[in-house]
1. In region 54-64, which residues are on the phi < 0 side of the Ramachandran plot, surrounded by fewer than 19 Cβ atoms within 10 Å (Cβ to Cβ) and out of contact with any helix residue (DSSP H, G or I) (no Cβ under 7 Å at 6 or more places or on another chain)?
2. Could you identify the single residue in 319, 396 that is over 25 Å from residue 274 (Cα atoms), in contact with a strand residue (DSSP E or B) (Cβ under 9 Å, 6 or more places away or on another chain) and in contact (Cβ under 8 Å) with a residue 24 or more places away in the chain?
3. Filter region 105-126 for residues that are touching a strand residue (DSSP E or B) at 6+ places or on another chain (Cβ under 7 Å) and either within 16 Å of the ligand (Cβ to nearest atom) or more than 27 Å from residue 523 (Cα to Cα) (or both) and give the result.
4. Which one is surrounded by the most Cβ atoms within 10 Å (Cβ to Cβ), of the residues in region 328-377 that are without any contact (Cβ under 8 Å) to a residue 60 or more places away in the chain and within 16 Å of the ligand (Cβ to nearest atom)?
5. Can you find even one residue in region 144-163 that is within 27 Å of the chain's Cα centre (by Cα) and under 30 Å from residue 18 (Cα atoms)?
6. Take region 82-100 and flag every residue that is surrounded by 20 or more Cβ atoms within 10 Å (Cβ to Cβ) and either free of Cβ contacts under 8 Å to residues at least 40 places away in the same chain or touching a helix residue (DSSP H, G or I) at 6+ places or on another chain (Cβ under 9 Å) (or both).
7. Does any residue of region 301-319 turn out to be part of a loop (DSSP other than H, G, I, E, B), within 20 Å of the chain's Cα centre (by Cα) and away from the ligand (no atom under 16 Å from the Cβ)?
Ligand code: GCB
């Protein structure tokens, strides 16, 4: 089985495609001799970018770690189990289980079909309440790396622009006696500030701020923070050096606006999935680069990581290109009342800790989303989301927090705790199918109700319609490319009125068609993409492209270089 990849679509075996349960991976690798000789001062680490969902890992037959949940990295120090075996291959064994329970994220449940007249013995299905194929496998790169035995374990950086300070905190593990020196370099390599010790502030004069794509002619500016640690251990001088890209920017939310570096930011972007033919959710560089080229072609300045954290390599590109991210945890399909109990809550808090530890230093991440469309009308959702959101804010006071709702404004128990209202709606699709004419009234009412109740800015975090590429119909009928375009235009006319007031963003569902469970409403998956699963544009992509560039063009701070590009598009 290739790594990284989902295992589901690699073979011709339908039972592997829909497999639920344990799978095993094993690989032997030869380690560099010097890793094994310098046993006291070298720490060897085995790291997984992600694996779905529950993983147990052995090295040379010794269990070194277990991890619950996909989409996030996990690692272990394997030094002690590889020593003393130079020349002998190191055997890495992984057992993975993709069974979901009411307490995993996402939740799920196993249902045994006991009617012997209809199902074979021991027949079961896994029920899920989310709309994407439940791919499994080792989805992201697996690496072995080394550090000295005294090492930099973590760095936290926050930035404020009033005095243009970069605040840092460094944690070192392995010894309490060490020295730390820091230097911040600009993109020309010039040192602009220096510091020492485990915590402090770096002052940057006339900084180049990190700006979103289409908001500045040089978006995504990142300084480079070099952190150098030195320590004496076992009679040797150990040195660990880590270089962290740092974008200087601020984020604020008012009752009507989302401000980046003090300027109003309007999210015109997409929702995505990690999904493609054959590889499923497996990380794939050409696909990732194609997607970023399409985002930039589209004039999208943002996306939400619907409905789980994306690969770190993707997040690196967001930082570099200035693509703004609403970073969502895998809290999708939380519908059963058991999934609001303490066991689930504790796990949700741990997942937020893992996500924030991974992504806290990323300038592109401007908001955390703790869930998508939970059953937030259930009474326990109030305490549940109050706790998850408070925990998230305690871990990272620098960013706003939200979750995405499709519950009626008057019934939602989680909305009081969010900073920005993110609402999904499918007028003329799941409600009043075929009736495009209801959109203006229903969408306007939706916005007014939410705003009157909470006086918080609103993002339309999903809206969309399926279209089968190549299906045409005029007048527009559902599933044709024309219907998808017409639906967009109806929504856009309301957005244009409300973005003058308190609507701060629109994210289309979805960037590309993606695979789902089979069902009577899914034709080889969900077809709400404006691109096909193979990343070819449907007609709707051109409508959105024209709109996004127009919005960018209207923005007063847009530099001439981008304006001319926008004009060229016309
Ligand atoms: C939603 C969900 C998303 C689905 C989409 C749809 O509300 O958040 O995961 O794929 O609707 O197309 O039904």
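The values are calculated or read from the model by the stated rules, or taken from the named source; none is laboratory data. Since the model is a prediction, treat every value here as computed from it, not as a measurement. Positions of Cβ are generated from backbone atoms using ideal geometry, with glycine treated the same way; all protein chains shown enter the neighbour counts.
1. The answer is 56, 58, 63.
2. On the way: 319 fails: over 25 Å from residue 274 (Cα atoms).
Exactly one residue qualifies, and that residue is 396.
3. 106, 108
4. Once the filter is applied, the top-ranked residue is 374.
5. no
6. 82, 90
7. For region 301-319, residues part of a loop (DSSP other than H, G, I, E, B), within 20 Å of the chain's Cα centre (by Cα) and away from the ligand (no atom under 16 Å from the Cβ): present.
Results for (1) free of Cβ contacts under 8 Å to residues at least 24 places away in the same chain; (2) under 28 Å from the mean Cα position of the chain (by Cα); (3) under 30 Å from residue 266 (Cβ atoms), shown as yes or no for each residue.
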site: 178; (1), (2), (3): no, no, no
site: 188; (1), (2), (3): yes, no, no
site: 194; (1), (2), (3): yes, no, no
site: 200; (1), (2), (3): no, no, no
site: 217; (1), (2), (3): no, yes, yes
site: 221; (1), (2), (3): no, yes, yes
site: 227; (1), (2), (3): no, yes, no
site: 237; (1), (2), (3): yes, no, no
